[in-house]
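The values are calculated or read from the model by the stated rules, or taken from the named source; none is laboratory data. Quantities reported herein were computed from a predicted structural model and do not represent experimental measurements. Ideal geometry is used to build each Cβ from the backbone, glycine not excepted, and the neighbour counts take in all protein chains shown. What goes into the accessible areas is simple: the full protein's heavy atoms, side chains included, and nothing from ligands, DNA or RNA. Shrake-Rupley method; radii C 1.70, N 1.55, O 1.52, S 1.80 Å.
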Amino acid sequence: MLFDLRARGRRRTVQAVYLGLVILFGIGFIGFGVGVGGGSGGGIVEAIFGNKEGSNGSSYAKQVSEAEARTRKHPAEAAAWAKLAEARYHEAGGSEFFDESTQKFTAKGKQLLVKVVDAWNRYVALNPSHPPLTIAYDMLSVFGEEGLNEPAQAVAALQLVIPANPPTAGLYGDLAKFAYQAKNVRVGDLASEKAVSLTPKAQRKQVAAELAQIKSNPSGNPSTQTYTDTANGKVYSIKANSNGQGTVLKTSPAPPTKTTTTKTK
């Protein structure tokens, strides 16, 4: 996909949706440009299957302790709460809190995520004027399906940071995705339109198709998705499997290409 998915927590949410697109396009997509989410760049393969930044959660214990002390001393300092939320989030990346095999937070990890949300809510309550994208990306992971599975809260996080940052197709693409998951179709449609308008002209058709796929199947369950593609003069109907493979259901000859001839007098 063309979205720049930067936090590992978001990879699981969209992995199945992108599976069919990878089958069809057969290429590694680059991120929109920020992205939706984010904190680092990378293609779709890295975004979906790469390692989470700060996977050694224990290394963040000291940062958490220092950030907690700062919030006790300066409870009205928004930056202190933001730093605490980020430190707690990265602490939750440890093997005790995040299961790499399932790409989901464990029960203990979700307990930590509740603490992340607490710090985030304290940060938001202070009405920060320029919320950074980095913390919003962390919260997308927290509220994603691999975390607390609260897409409406992910939408709220994006709606907080989008006005304070340059508009990108990636940000609006993420907003559309989480809005559809939260069954907020109106916001999803508006965000999709904005994402397409911010996409380079040559890629708009592809992006629009991807967003339409997400709208029709927000959960990204590949078992319900069938795709079509044309190659070597044939039309293929492809069923995406949960094991990461595609099964060709049927093939048929591609329709003949219409040609136009111009008569000269």
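Observations on the model:
- Averaging 1/r across all pairs of distinct Cα atoms in the range 107-147 and inverting the result yields a Kirkwood radius of 10.8 Å.
- Qualifying trypsin sites (Lys or Arg not before Pro) for the range 167-221 [loop in DSSP, other Cβ within 10 Å: at most 14]: K183
- Contour excess over end-to-end distance, with Cα ends at A76 and K62 and 0.36 nm allotted per residue: 2.9 nm
- Within the assembled protein chains, the solvent-accessible surface assigned to S216 is about 90 Å², based on a 1.4 Å probe.
- Percent accessible area from carbon and sulfur atoms, the range 178-223, protein chains only, probe 1.4 Å: 54
- Linear extension gain, R186 paired with N127, 0.36 nm per residue minus alpha-carbon span: 18.7 nm
- Potential extension, A69-E193 segment - 0.36 nm per residue separation minus Cα distance: 40.3 nm
- With a threshold of 32 Å on the Cα-Cα distance, the over-threshold entries among K83/K177; K62/K183; K83/K201; K115/K201; K83/K205 are K62/K183; K83/K201; K115/K201; K83/K205.
- In this structure, A212 and E96 have a Cβ-Cβ separation that, at R0 = 51 Å, corresponds to a calculated FRET efficiency of about 0.80.
- Cα-based radius of gyration of the range 101-201 once divided by 2.2 N^0.38 Å, which approximates compact folds: 1.10
- Mean projected area (nm²) of the alpha-carbon convex hull when the range 78-129 is viewed from all directions: 3.5
- Counting only protein chain heavy atoms and rolling a 1.4 Å probe, the accessible areas of Y60, Y89 rank, largest first, as Y60, Y89.
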